[in-house]
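Report on the structure given below.
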Number of protein chains: 2
Amino acid sequence: MQVHEFQKMMRHIYSQRDSAPGLEGTYDWLVDEVQELGEALKTHNKRALENEFADVIAWLASLANVANVDLERAALSKYHNKCPKCGHSPCQCVF
Amino acid sequence: MQVHEFQKMMRHIYSQRDSAPGLEGTYDWLVDEVQELGEALKTHNKRALENEFADVIAWLASLANVANVDLERAALSKYHNKCPKCGHSPCQCVF
């Protein structure tokens with residue numbers, strides 16, 4: 001599924017839920033889900049891990065909906081086939 | 001672009017970078033990018049906001065690569081056309 005289709009699907013499922021908490025509340029949910037992903041990473045439980053990755057991308061898409069940002073266009077505008085810092089793929093930055 | 005294609009593109013651009021810090025270090029980068037997204041949300045600067053959304057989904061894809069998780073499959077397994085809690089679309093959960 002394309003990124004923008006996933007974002008659109010999230011809008012359809014959750015438009016009513018997401019309208020209430022607004023930007024700040026939706027962002028706080030995303031932060032909570034990122035913390036849960038961090039906990040799941042420590043467990044090495046693949047199913048729990050997949051579950052938390054799903055929640056993070058779902059809340060990221062919901063937040064993008066509330067912020068009126070096209071997540072796919074934003075991502076490809078910056079990262080399309082190259083590192084935005086060095087301009088190469090594979091990235092040749094020194095870390 | 002499909003979610004799994006974006007994840008694959010991130011792997012191609014950053015496989016060398018991401019192999020060094022491992023799960024914990026890559027997760028810490030994701031957390032930093034989520035914090036930067038939170039700051040950008042306060043500015044109401046659309047371009048800055050798109051830039052930070054791009055970074056968060058890029059680092060989420062990189063983390064999924066390091067964790068060996070298929071982000072698209074995980075997302076659709078949980079959220080395909082329905083809320084995973086109530087099973088409806090639009091969601092009918094009471095918040």
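Numbers at a glance
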| quantity | calculated |
| --- | --- |
| Shape call, the protein assembly as shown: gyration tensor on alpha carbons, a/c limit 1.5 | prolate |
| Under 22 Å between alpha carbons - lysine pairs in the protein assembly as shown that sit 8 or more apart or on different chains | 17 |
| Cα gyration tensor category, rounded, prolate or oblate, for the range B:36-95 with a/c compared to 1.5 | oblate |
| Buried solvent-accessible surface, both chains (B, A), 1.4 Å probe, Å² to nearest 100 | 4600 |
| Distances in nm from B:Arg11 to the matching label points in the other copies, shortest first (labels 7 Å along Cα to Cβ) | 3.0 |
| Label point 7 Å beyond Cα along the C-beta direction, distances from B:Gly25 to other copies (nm, shortest first) | 4.0 |
| Exam field: A:Glu39 pseudo-label spacings to other copies (7 Å along Cα-Cβ), nanometres | 2.8 |
| Pair A:Lys42, A:Gln2: separation of 7 Å Cα→Cβ label points (nm) | 4.1 |
| Heavy-atom surface of chain B, accessible at 1.4 Å and reported per residue (Å²) | 52 |
| Share of carbon and sulfur in the accessible heavy-atom surface of chain A [1.4 Å probe, %] | 48 |
| Surface accessible to a 1.4 Å probe, A:His12 within the full protein complex, Å² | 110 |
| Relative contact order for chain A, counting Cα pairs under 8 Å that sit 6 or more residues apart, in percent | 33 |
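The values are calculated or read from the model by the stated rules, or taken from the named source; none is laboratory data. Predicted model only: the values in this text are computed from it and were never measured. Note that each Cβ is placed from the backbone with ideal geometry, even for glycine, and that neighbours are counted across all protein chains shown. Just the protein is used for accessible areas: all its heavy atoms, side chains included, with ligands, DNA and RNA removed. Shrake-Rupley method; radii C 1.70, N 1.55, O 1.52, S 1.80 Å.
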